[in-house]
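Worksheet: one structure, shown below.
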Amino acid sequence: MGQLRRGDPIIAGDRSLVRLTNFARRLGGAIAACVLASEILLRFSGYEVSPLELLPPPAGDDVRAVYLSSKGFTRFDPGLLWKLDARLAKGDEPEPCGAPRRDAEEKRLFVLGDSSRGVPTLAVPWARQLQALLDLNAGEGPRHRVVDAGVWGYSSFQGIRRFEQVLGCRPDFAFFAFGAGDAQLVRLSDAGYAERAWRLGWLSPSRVLEAVGEATGLLRAPPATGAVPRVSRDEYRRHAREFVARARRAHVVPLLVVPDEGDASVAPYAAALREVAAADAVLLVAPTGRESLPGLDTRDRRWRGLSLAAAALDTLRTLGLVPTRRILDRAVEPGRLDVDRAELGSGFWDREVWQGDQAGRWTAAVATVTLERRAEEGGLAVEATFRHPRNDTRLRVDVGGIPVGIIEEPNGPVRRTFDVRSIPGRYLQVRLTADRPFVPGQGDPRTLGVFLRRVALLPRPVGTEILLADLPSGASELGGGWWPPEQWGDGQRGRWTQEAATIRVERHWSETRLALDLAGGHPDGHSSLRVEVNGVPVKLLRVRKTSATYVIDLPDTGETVLAVRLVAEHPFVPRVLKPGSRDDRLLGVFVRALRLEGAAS
């Protein structure tokens, strides 16, 4: 039959065909428009369903249900089953390495695991704890950066696939930390789930298809029967060996993390990993579970993470990456320290910053801080700000259960150093007890003690702020040349110097001024005072009879402990110059307080 030409007659059947064709086109266009409009509307409304939600775990105790439907934490992934939600995981996904290449001096350690990241609010990521330990033990070599590439609930089946992604980040070291998830008994293995996920993956690009699948339920697969591990022991062994071989081909140092051997269901997997380590000559990270971690017990949410991080640190020491094994710092600033750090015990509120730079944390009525000695530190410095509504804060300080001192001061900044030389042990737990805690009110229901800014161990028990009347005569700060403390009738408290007196203070790097609170007390109305620091004369003061504060610029010597010597050029004996006096002492000047000032104060 030839083609129709202009002017040819059209029979009835041809007209029907044309009308039918046009109708089909209009109908198809309308359907396409409806689908497109529905797609836009569903996306605009935020509708989303994971294809795996169409295949719920057949058993109610299958923990994968938590991760498969954790909107806000995870998203569907056809190959990995789920991955972290990049929108709410602060950019951790899908590329955790950031820039393709880093500084040549930086070493990258990637942690792949089921709980390396820690389940939100339930555990502290041990990868983060490891970074803190590496920073604490850093030597003069390259910097070590820990990248947490773990995902909640992963098995080794998912981990080996995750490792292929991570290799694009060019790691130097990689930890393989799986086993707990592998051993979980389910009715459909991870491999079975992955096969179904691949088949349903075509749904994910379209919200309309997701909605149809969810509404009809036609895509739900029949439940599997029987209880099987998510990953069998043999498969787990194969994944571990594959990880080691793949890492070495990529010039990455593999490290195997032994799962919890105290769990009967996980113990066979731990044994299999040890077999792989022995056969392939791979270093193991094996927490003993018996180590007494300072300030923590097994009920603390940080305990598991810190024990794993400490074991990883030990393994890295065998490779020469770190020179020391320190678990805690010897000085902490609570306002600049993450609450997950093990140094901070109980009794702390959220961090705050006052006036732009005064960072700290309020304590509750009782708070604890644990510090680690590096040598034989004998001093403990406590820096706080007192802000009691009644202006009568009283803070008791105990170390290792032994009282070391009391700070009772009016409102304002306080810095005090205590002698802890007689208290044994590598780890010192400092307990701060506010005897008069208060509740601010006006919408703030917290019970507050003191605003703590710093707690630190010092080489010697000398401090940067000293109230002379509060020091006992045998205090290490006091050198020779001081008379016993006394209080004047107008309430001034302090100590008289003899002709010359020496006092020692601990200096922070940024403190550049020495402040002396003095009352001359000389009958002639004024006296001359020569100030020497570490044997070097720095100032000659004309000290008035009335109380005043004298500020002196310190020389930049780089020394941290300063011996301040005060020499009175015109000392006097009260009995000689004051009629009726029986005081035979040779007096220089009356010193109420001495402190160092600068950015640190």
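Values as computed for the structure displayed
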quantity: Net +/- balance of residues flanking Glu532 in space, Cβ distance below 10 Å, scoring K and R +1, D and E -1; calculated: +3
quantity: DSSP-loop GluC sites (Glu not before Pro) across segment 473-551, with at most 16 other Cβ within 10 angstrom; calculated: Glu499
quantity: Sites Glu140 and Ala279, calculated FRET efficiency, Cβ-Cβ separation with R0 22 Å, nearest 0.05; calculated: 0.05
quantity: Distance between segment 390-444 and segment 454-501 - C-alpha centres, whole angstrom; calculated: 19 Å
quantity: Anisotropy class of segment 506-560 from Cα gyration tensor, a/c 1.5 cut; calculated: prolate
quantity: Kirkwood estimate for segment 511-601, i.e. one over the average of 1/r between Cα atoms, Å; calculated: 14.2 Å
quantity: Mean shadow area of segment 425-524, taken as a quarter of the surface of its Cα convex hull (nm²); calculated: 11.4 nm²
quantity: Segment Glu499-Leu17, length gained on full extension (0.36 nm per residue, minus Cα span); calculated: 161.3 nm
quantity: Segment 355-405: C-alpha gyration tensor shape, a/c 1.5 cut-off, then a/b vs b/c; calculated: oblate
quantity: Segment 233-248 residues near the modelled Ala271 label - backbone nitrogen below 20 Å, point 7 Å along Cα→Cβ; calculated: 233-241
quantity: Net length gained if the chain between Ala227 and Asp556 were fully extended (0.36 nm per residue, minus Cα distance); calculated: 111.2 nm
quantity: Segment Asp234-Asp583, extension gain: residue separation times 0.36 nm, minus the distance between their alpha carbons; calculated: 116.5 nm
quantity: Computed label-point distance, nm, for sites Leu319 and Arg246 using a 7 Å Cα→Cβ extension; calculated: 1.8 nm
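Read the figures in this text as sums done on the coordinates, not as results from a lab. Being a predicted model, the structure only gives us computed values, none of them experimental. No Cβ is skipped: glycine too gets one built from the backbone with ideal geometry, and neighbour counts run over all protein chains shown.
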